[in-house]
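Remarks on the structure that follows.
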Amino acid sequence: MASQDLPAAFGFLASARPSGGRIPRAAFATRGTHTGVDLRLRSQTLGATLVHAPGLPPDSAQAHDADTAVLLAGEIYNRDDLYSVLGPNTERSSDAQLVLDLLRRYGRHAFRLVNGRFAAVVGTGRQVLLATDHAGSIPLYVCASPGEVTAATEAKTLAGHGGPRGFPFADARRVRGLPGVYQVPAGAVMDIGLDAGTAETHRTWAPPLARRIMDEDDAVAAVRTALDRAVGARITPGGTPLVVLSGGIDSSGVAALAHRAAGAIDSLSMGTEVSDEFAQAKAVADHLGTRHREITVPTADLLGQLPYAVWAAESEDPDIIEYLLPLVALYRALDGPPRRVLTGYGADIPLAGMHREDRLPDLDTAVAYDMATYDGLNEMSPVLSAVSGHWSTHPYWDRDVLDLLVSLEAGLKRRYGRDKWVLRAAMAELLPEQTVKRPKLGVHEGSGTTSSFSLLLLEEGVAEQSVGAAKQQVVRELFDRTVVAGEDPGEVSTAEVVRSVADRLERGAA
Ligand code: IOT
Ligand code: MG
Ligand code: MG
């Protein structure tokens, strides 16, 4: 049964009050069944709507005792480690129960121990804890005022909950257009007092700043072991994972390890009529013996789905949206029952794959910059695939893999004239030589997304030097309409938004 393969909940909208609970209604971009939860604790009530896979009751997304309740979207990857500190008599049940048990032992510091892809809300006494994983990979938003804390995994569900009453939080990022709504930082627990509506933010993870010198062989073995574990933790026994495969080293490495761990995988490649990486992906699929499928999305359809990409990602960064658009289009074209999807996303951040940079100082500048700026971009958000009901997870941003990759000295990342050297070496035995040696190609390049979006703007009369600014404006307007104003992305026309931005730029320039 496919749904056993999925986390108990993909997302939530929750409201904590001193008493007199209410189950807030939500319009999620995440596709799934909505189930109401009404938990009456000794000192507060916690009402929520959970969004989850159809046919999979979300009971295990919640756990509580008389004082404390945990709601958890997503999943935990270091369960064995966590149970090992809880003692041999601890019964293994849901991830939410595991967090509740850890909270009893460690208080809010419990979240420092967890390696996962999750967002959690905890009601305890008169406090509300809001926790994100180290990467903030499930975005979490909050709006609080004295007497009520509302939190959700999608900002759009808090539109209308905010307003001038929403309390300002110094440590969290404001969401433009939604007054009173803030994004909980990545790798953090916000501890909010229900009566005053004020918060303290505690960091539970920070990107490593130091770099480690390792012997070539040790580094290669460490990367292989860490990635193998991360992939293994993301596969459910008996399930067949789907790997979104470009035929680059990142996703091919995941495919190879997943194939070994699961016994079999499905793989899926996306292209457009302008550009694809089908041959390179097929070489890997043939080598591993995966059940492989190619999906061609016409460029006009691809660009037409920009409103969906912004609606799902709730991101205003035009570069990130260009990476995410082809993936969102791919997930939306993936019909059938909900799948567990593994990606190679994020490998280029700790390894500086995007920077095509030979000089080591510049390489580490790129790594340090990217590791300091990823929070709030939402590029890992599960909503990207959950818009069509699928659960996605990213082994390269597993906490242990990321800690290792970031911290390797730059000379292990670029070596013998090759980018991402340590990863290529770690995967060399498992993949065809041509794959291991293949130069990096970004998903926005391989699908022609960047060039097609530029062309659309140029054809509307945007000057060459204004294309970047125009993309930013298009993405902002799509954010305002689909996230802030709650418009159905299916009713928003990319062509019209592009035209209005082009007109505005022309008037501004005249
Ligand atoms: P890229 O690394 O090319 O692709 C990311 C993942 O998307 C791949 O590993 C693969 O799982 C999937 N994918 C890519 N192309 C296809 C395709 N044609 N068909 C099916 N699946 C595909 C951009 C990038 O280069 O993507 N993402 C970077 C960097 C993000 C920058 N962010 C930041 N600085 N905060 C990355 O590291 O993934
Ligand atoms: Mg990559
Ligand atoms: Mg690529």
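The values are calculated or read from the model by the stated rules, or taken from the named source; none is laboratory data. Just so you know, these numbers come straight off a predicted model, no measurement behind them. All Cβ positions, even for glycine, are placed from backbone atoms using ideal geometry, and neighbour counts span all protein chains on display. The accessibility values were calculated without ligands, DNA or RNA, using every heavy atom of the protein model including side chains. Shrake-Rupley method; radii C 1.70, N 1.55, O 1.52, S 1.80 Å.
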> Using the Cβ atoms and a cut-off under 12 Å, what net charge is assigned to the surroundings of Ser94, where Lys and Arg are +1 and Asp and Glu are -1?
Replying inline: -3
>> Take Ala428 and Arg291, extend 7 Å from each Cα along the Cα→Cβ direction, and tell me the distance between the two endpoints in nm.
In response: 3.5 nm
> How much mean residue ellipticity at 222 nm does the chain get from its helices, if each DSSP H run of length 4 or more adds -39500 (n - 2.57) and you divide by all residues, to the nearest 500 deg cm²/dmol?
Replying inline: -10500 deg cm²/dmol
> Across segment 310-317, in residue order, what do the Karplus-derived ³J(HN,Hα) couplings come to in whole Hz, using 6.51 cos²θ - 1.76 cosθ + 1.60 with θ = phi - 60° and x for Gly and Pro?
Replying inline: 6, 4, 6, 7, 6, 10, 10, 8
> Once the convex hull of the C-alpha atoms of segment 68-119 is built, how many Å³ does it hold per residue, rounded to a whole number?
Replying inline: 75 Å³
> Counting Lys and Arg as +1 and Asp and Glu as -1, what is the net charge of the other residues whose Cβ lies under 14 Å from the Cβ of Val128?
Replying inline: -2
> Using alpha carbon centroids, what distance separates segment 483-509 and segment 400-448, in Å?
Replying inline: 38 Å
>> Solvent-accessible area of Met270, probe 1.4 Å, all protein chains present, reported in Å² to the nearest ten, please.
In response: 30 Å²
>> Please report, in whole Å³, the volume per residue of the convex hull around the C-alpha atoms of segment 1-117.
In response: 109 Å³
> Rounded to the nearest 20 Debye, what is the dipole magnitude of segment 169-271 about its Cα centre when Lys and Arg each give +1 and Asp and Glu each give -1 at the C-beta?
Replying inline: 260 debye
> Can you tell which of Leu86, Ala425, Gly32 lies farthest toward the positive end of the dipole of the chain, using +1 and -1 charges on the Cβ of basic and acidic side chains (Lys, Arg; Asp, Glu)?
Replying inline: Leu86
> To the nearest 0.05, how large is the calculated FRET efficiency for Thr373 and Glu91 if R₀ is 35 Å and r is the Cβ-Cβ distance?
Replying inline: 0.25
>> Which residue, Ala110, Thr240, Ala258, has the largest displacement toward the positive end of the dipole of the chain when charges sit on each Cβ (Lys, Arg +1; Asp, Glu -1)?
In response: Ala110
> How large is ³J(HN,Hα) for each residue in segment 477-485, as worked out from phi by the Karplus curve 6.51 cos²θ - 1.76 cosθ + 1.60 (θ = phi - 60°), to whole Hz, x for Gly and Pro?
Replying inline: 5, 5, 5, 4, 7, 8, 9, 6, 8
> What is the sum of charges around Asp171, taking Lys and Arg as +1, Asp and Glu as -1, for the other residues whose C-beta is under 12 Å from the C-beta of Asp171?
Replying inline: 0
>> Suppose every Lys and Arg Cβ carries +1 and every Asp and Glu Cβ carries -1, with no other charges. What dipole size does segment 274-423 come out with about its Cα centre, to the nearest 20 debye?
In response: 640 debye
>> Taking a virtual spin label 7 Å from the Cα of Asp80 along the C-beta vector, which residues in segment 217-252 bring their backbone nitrogen under 14 Å of it?
In response: 225-235, 237
>> Through the Karplus equation 6.51 cos²θ - 1.76 cosθ + 1.60, θ set to phi - 60°, convert the phi angles of segment 87-101 into ³J(HN,Hα) values in whole Hz; use x for Gly and Pro.
In response: x, x, 8, 6, 7, 7, 9, 7, 5, 5, 5, 4, 5, 4, 5
>> Let me test this: with uniform point scatterers at the alpha carbons of segment 286-333, what is the Debye-based log₁₀ I(q)/I(0) at q = 0.20, 0.30, 0.33 1/Å?
In response: -0.66, -1.11, -1.28
> Rounded, prolate or oblate: which one fits the chain, using the alpha carbon gyration tensor with axes a ≥ b ≥ c (rounded when a/c is under 1.5, else prolate when a/b beats b/c, else oblate)?
Replying inline: oblate
> For Thr236 and Ala279, FRET efficiency with R0 = 25 Å and r from the beta-carbon atoms, rounded to 0.05?
Replying inline: 0.20
>> Full-extension gain between Asp171 and Leu113, please, as 0.36 nm times their residue separation minus the C-alpha to C-alpha distance.
In response: 18.7 nm
> Looking at Gly160, Met371, Thr45, which one has the Cα that reaches farthest to the positive end of the dipole of the chain (charges on Cβ: Lys, Arg +1; Asp, Glu -1)?
Replying inline: Thr45
>> Once ligands and nucleic acids are excluded and a 1.4 Å probe is used, how much of His394 is accessible, expressed in Å² to the nearest 10?
In response: 20 Å²
> Dipole magnitude of segment 335-491 about its Cα centre, charges +1 at Lys/Arg Cβ and -1 at Asp/Glu Cβ only, in debye to the nearest 20?
Replying inline: 700 debye
